[in-house]
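Each reported figure results from applying straightforward, stated rules to the coordinates on display, with no laboratory input. Keep in mind the model is a prediction, meaning the values are calculated, not measured. For neighbour counting, all protein chains shown are included, and Cβ atoms are generated from backbone atoms with ideal geometry for every residue, glycine included.
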Amino acid sequence: MTDTAATKRPDVSAAGYSLQPPSKDQMSSLTAGLDPEEIRVLLHHGTERPFCGTLLDNKKAGTYVCRLCGLPLFSSQHKFESGSGWPSFFQPFDNDHVTNLRDSSHGMVRIENRCARCDGHLGHVFPDGPPPTGARYCLNSASMEFVDAGTPLPDRLDRGDPTGH
Ligand SMILES: [Zn+2]
């Protein structure tokens, strides 16, 4: 269990979103909407090729939500140009929304990030980011969907989650 023991998470995040995992039925309808690349990345822990993701050069103001369940994961305010070829952020939208798991695949030890609600694979976090956190969340575009500032966030699980902030 040591490799997968996530930090204990609350039922509702600090930002006020429900972190109850989707039911089996909800998961199958959510995954039915994914394309093969999204399935490979989100469900099979794949990594998209660098400099290919659709969100890498996105500089618009808004929120990056989970491609699968719609939970807000990252904000444009915390995005920075890391030069890595993947969209990078120095902190999550809410620390409760992104889980950190030890990943010892590919002969290295890294910290994997997953969506705290649906467990979809997002990317990895590295300790070489900019101030103030020093963290570099290195994400797959395929794991996220961008929502412009001012547009209500999707509530895919129909839980009446707060929107617009
Ligand atoms: Zn999710």
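Rank the residues VAL109, VAL147 as a footprinting-exposure proxy: fewest other Cβ atoms within 10 Å of their Cβ go first.
Working: VAL109 9, VAL147 20.
The most exposed by this proxy come first: VAL109, VAL147.
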(request) For LEU73, list long-range residues whose amide hydrogen, built 1.01 Å from N in the peptide plane, is under 5 Å from its own amide hydrogen. (result) TYR64, VAL65, CYS66
(request) Search the structure for amide H atoms under 5 Å from the amide H of MET144, placed 1.01 Å from N in the peptide plane, and list their residues when 5 or more places away or on another chain. (result) ARG67
(message) List the residues, sorted by chain then number, that are 5 or more residues from GLY120 or on another chain and whose placed amide H is less than 5 Å from its amide H.
(response) CYS115
(message) Springs between alpha-carbon pairs under 10 angstrom, Gaussian network model over the chain: which of ARG67, ARG136, ARG49 fluctuates most?
(response) ARG49
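For the chain, count the residues as N, evaluate 2.2 N^0.38 Å, and divide the Cα radius of gyration by that value, please. List each step's numbers first, then the result.
Working: Rg = 14.8 Å, N = 165, 2.2 N^0.38 = 15.3 Å.
In units of the globular-protein estimate, the chain measures up at 0.97.
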(message) Explain nothing, just compute: Karplus ³J(HN,Hα) = 6.51 cos²θ - 1.76 cosθ + 1.60, θ = phi - 60°, for every residue of the stretch 38-44 in order, whole Hz, x for Gly and Pro.
(response) 5, 5, 4, 6, 5, 9, 10
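Quick one: grab the alpha carbon gyration tensor of the stretch 4-77, order the square roots of its eigenvalues as a ≥ b ≥ c, and give me rounded if a/c is under 1.5, else prolate or oblate depending on whether a/b is larger than b/c. Before the final figure, lay out each step's value.
Details: a/c = 1.75, a/b = 1.18, b/c = 1.48.
Oblate.
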(message) Restricting to Cα pairs below 8 Å that are 6+ residues apart, what does the relative contact order work out to for the stretch 24-148? Please round to a whole percent.
(response) 28 percent
(message) For the stretch 77-165, which GluC sites (Glu not before Pro) pass both filters: DSSP loop (anything but H, G, I, E, B) and at most 16 other C-beta atoms within 10 Å?
(response) GLU81
